[in-house]
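Accompanying notes for the structure given below.
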Amino acid sequence: MMDFALSSEQLDLRAGLTALFADHSTPARVRAAEPLGFDPALWAVLGGFGFPHLAGSRDGAPARLADLAVAAQDAGACLASAPLVETLVATRLLDRLGAAAGDDLVTFSPRPAVAGVARTVPWAAVADRVIACDGDRILIAGPGHDVERPKQTLAGLAIGHADLTGATVLAEGPAAVSAFAEARADWQVLTAAALAGVAAAGLHLGVEYAKTRHQFGQPIGAFQALAHQLADAAALVDGAQLLVQEAAWAGDTGSPRRHGLAAMAAAFAGRAARQATDRGLHAHGGYGYTLEYDIQLYFRRAKALSLLSGGESAAVDAVVALALADTDSDSDHDTGRR
Amino acid sequence: MDFELSAAQLRFRDEVRQFLAGLPPQTSAAVHDTGTLHSWDVHRAMAERGWLKAAWPVEQGGQGRDPFEMATLNEEFARAGIPIEGWLIAELVAKTLQIVGTQQQRHEVIPAILGGEILLCLGYSEPDSGSDVAAARTRATRDGDGWVIDGQKMFTTMAHEASYVFLLARTNPDVPKHRGLTMFLVPLDADGVQVRPVHTLGGERTNATFYDRVRVPDSARVGEVDGGWDVMMVALAFERQPAAAGHLLHLLGRALDWARTAGPDGPAPIERPEVRACLARAYTDLEVSRLMGYRMTWLTSRDVLPHTEGSLAKLFSSEALMRASASLVDVVGADALLTGHGTGAPADGWIEHEFRHSVVTTIYAGTSEIQRGIIAERHLGLPRATARRAGS
Ligand SMILES: Cc1cc2nc3c(=O)[nH]c(=O)nc-3n(C[C@H](O)[C@H](O)[C@H](O)COP(=O)(O)OP(=O)(O)OC[C@H]3O[C@@H](n4cnc5c(N)ncnc54)[C@H](O)[C@@H]3O)c2cc1C
């Protein structure tokens with residue numbers, strides 16, 4: 001039976017994290033963590049909260065992706081300078097492969113390695129170990145592996161290029177390919193959740209500014225030309241949140257639609273985040289373009305996370321496959337368009 | 001959180017699918033080609049199955065179907081491309097009468113609607129008032145025990161098939177516009193009523209209706225005198241989920257069929273990257289539209305009135321439908337110039353048809369600008385838009 005309500009566990013988690021981030025991930029802290037984008041003190045507090053181990057299974061039951069998505073969304077909304085999504089994905093993957101997760105920082109490369117190097121991996125610049133897929137093998141590199149740390153990046157995220165030479169093989173063959181596909185879907189869902197958080201918060205900044213900034217003797221939010229752009233963005237933000245919830249549910253229930261929905265959620269949440277932060281910035285006028293206002297942080301993060309996920313073009317094949325599979329399973333019931 | 005229909009809901013959906021699969025081939029094209037998005041044959045077959053009163057409680061002769069079952073019924077008809085506008089409009093008036101109607105209206109009109117004998121139409125819009133519907137000028141004047149109605153309504157869809165018009169009339173011009181309106185149920189065969197067809201870009205017929213000294217008894221009144229706006233609010237709350245999601249579902253079914261079929265001079269269009277990109281984006285927008293629609297259903301199932309959720313769904317899904325059909329005709333290319341059903345046009349003409357039809361979904365039932373205004377004010381809490389008048 002369809003139900004769009006958050007569970008009481010999810011509401012508790014949200015309340016706990018909202019309080020935690022309000023203390024430990026203020027805009028000042030986010031700025032202080034730049035340019036690398038990693039805030040070790042915040043990461044320590046999140047460790048105390050149970051991250052990333054709470055992504056592991058308990059009494060044989062895997063943690064719910066839907067719960068992790070709540071956390072990722074909250075982290076996205078405050079631009080947390082911490083490797084939440086990738087460490088959760090790595091923990092789940094290690095758990096699935098029956099490998100023990102330690103207390104070190106293990107990140108996950110959402111894209112396969114090329115020529116033995118996992119490029120542009122979020123948090124690789126600060127991680128102890130990096131999990132990446134190379135052909136039909138899942139490898140784990142580190143500690144002590146070679147990492148190239150780019151001098152400058154668009155939005156922090158401690159990006160690094162990890163050399164996989166000498167990495168340990170965690171799995172290989174078809175089992176590795178399917179385990180990586182599951183992990184990648186998890187990553188897409190949680191990144192989509194983070195993007196939905198960025199989108200909602202970026203829109204909120206624009207809306208609040210539009211309520212208080214006056215021009216021509218009235219709040220600028222009373223100008224339809226501006227208000228209607230924010231309303232369009234609100235519909236995208238709302239849609240992104242719904243799609244993230246559905247994709248997470250599909251992951252948790254093992255629905256055959258889960259991979260298509262994960263790709264879809266990442267692409268759509270990226271669209272929503274870019275649009276919401278772009279319009280949110282535009283509502284600030286010239287001030288939005290200055291580094292003093294926080295909206296630019298959201299603008300950059302929205303673009304960075306969508307670039308990592310590959311944007312809408314990366315989702316095309318998975319979404320078309322989903323569309324065809326849905327259509328075939330619906331016409332098994334002989335609906336026939338009349 | 002759960003995104004699956006229950007077993008009972010799925011059973012009902014399969015029942016509806018079976019019914020649709022049993023309709024004669026080309027039913028969809030044939031009904032669309034009449035321009036009237038209603039088929040009496042389909043309507044009577046639905047009545048036979050008790051579906052016209054499926055949402056009604058069992059004690060009142062209905063089937064006690066839950067909001068999700070009703071939503072899947074709508075969705076399956078949409079998927080199959082079978083228009084049921086006639087029923088949807090009539091049902092929403094029936095639900096409204098059930099709450100605000102007189103004893104007589106409830107006992108005479110509702111059973112005729114639910115039995116599939118009559119249709120109704122909505123007489124809200126006028127030549128000079130559409131978005132600003134409360135500015136209606138059609139007058140209802142006291143005349144002894146009854147009323148005399150004078151004026152004109154515009155876009156009175158289904159009036160040429162309907163028995164009554166649910167008509168919003170001005171009864172008091174001396175009070176603020178929302179407080180001087182009264183709702184009536186006016187028989188369309190009354191003396192002085194005229195119905196003239198208005199043809200549209202999407203092929204569907206609507207009407208202009210004229211009221212020249214039309215006399216109705218006071219028993220035709222629905223709700224209080226000058227309480228028409230309150231009645232409107234009840235009726236608006238019953239407006240179904242945005243239709244655009246259903247049209248998008250139908251469009252994508254047709255488009256996927258087209259894309260998978262190899263053409264006379266080349267591989268299946270789905271091999272082309274621009275076709276795949278277009279389908280992927282449209283299918284994503286469809287998923288979001290359906291989620292927004294199902295969230296409204298879920299709220300209804302919990303007796304919560306969807307509020308700005310309805311505006312978000314209407315705005316997003318209708319704009320998505322326009323985007324999808326416009327970009328699909330683009331990838332079909334020059335062949336999309338061939339139109340019509342059963343004429344050899346690509347996708348049997350449905351992509352081109354939706355390109356024209358989709359336009360109206362951003363206009364009726366509150367234009368996109370009206371929805372954005374609602375979202376801006378009530379969802380985002382932005383200040384009410386102020387019109388800057390010339391010279392001020
Ligand atoms: C095919 C069809 C079927 C219909 N069926 C019915 C029916 O059965 N019964 C019925 O009563 N009506 C029906 N309608 C009427 C429909 O509800 C109106 O067309 C709609 O409400 C818009 O009103 P309007 O056409 O007068 O446009 P207007 O209200 O004049 O709008 C013109 C333009 O101005 C914009 N605009 C208006 N107000 C604002 C504002 N405050 N801020 C910003 N922009 C604004 C609109 O968005 C629109 O783009 C139907 C219409 C169509 C086309």
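The values are calculated or read from the model by the stated rules, or taken from the named source; none is laboratory data. Bear in mind that the values here come from a model prediction, so they are computed numbers and not experimental data. Cβ sites come from the backbone with ideal geometry, for glycine too, and all protein chains shown count toward neighbours. To get the accessible areas, we keep the full protein, side chains included, count just its heavy atoms, and leave off ligands, DNA and RNA. Shrake-Rupley method; radii C 1.70, N 1.55, O 1.52, S 1.80 Å.
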Among the residues listed as A:Leu281, A:Leu226, A:Leu307, the single one being open to solvent by 20 Å² or more (accessible area, probe 1.4 Å) and within 16 Å of the ligand (Cβ to nearest atom): A:Leu226
Residue list for the stretch B:234-257, restricted to those being modelled with pLDDT of 95 or more and either open to solvent by 40 Å² or more (accessible area, probe 1.4 Å) or at the interface with chain A (Cβ under 9 Å from one of its Cβ atoms) (or both): B:His247, B:His250, B:Leu252, B:Gly253, B:Arg254, B:Leu256, B:Asp257
Extreme residue, farthest from A:Arg271 (Cα to Cα), among residues of the stretch B:305-315 that are more than 16 Å from the chain's Cα centre (by Cα) and within 11 Å of another protein chain (Cβ to nearest Cβ): B:Thr308
Residue in the stretch A:227-236 that is assigned to a helix (DSSP H, G or I) and more than 10 Å from chain B (Cβ to nearest Cβ) present: no
Residue within the stretch B:14-34 that is more than 14 Å from chain A (Cβ to nearest Cβ), under 20 Å from the mean Cα position of the chain (by Cα) and surrounded by fewer than 21 Cβ atoms within 10 Å (Cβ to Cβ) present: yes
Qualifying helices (runs of 4 or more DSSP H) (wholly inside the stretch B:293-392; at least 3 residues being surrounded by fewer than 23 Cβ atoms within 10 Å (Cβ to Cβ) and within 14 Å of the ligand (Cβ to nearest atom)): B:350-361, B:368-374
The one condition in (1) surrounded by fewer than 20 Cβ atoms within 10 Å (Cβ to Cβ); (2) more than 17 Å from the chain's Cα centre (by Cα) that B:Thr171 fails to fulfil: (1)
Candidates B:Asp132, B:Asp212, B:Asp150, filtered to the one that is open to solvent by 40 Å² or more (accessible area, probe 1.4 Å) and either within 12 Å of the ligand (Cβ to nearest atom) or modelled with pLDDT under 95 (or both): B:Asp132
Helices (runs of 4 or more DSSP H) wholly inside the stretch A:1-118 that include at least 2 residues being within 14 Å of chain B (Cβ to nearest Cβ): A:8-24, A:65-77
Residue match in the stretch B:117-126 (condition: away from the ligand (no atom under 15 Å from the Cβ) and more than 14 Å from chain A (Cβ to nearest Cβ)): yes
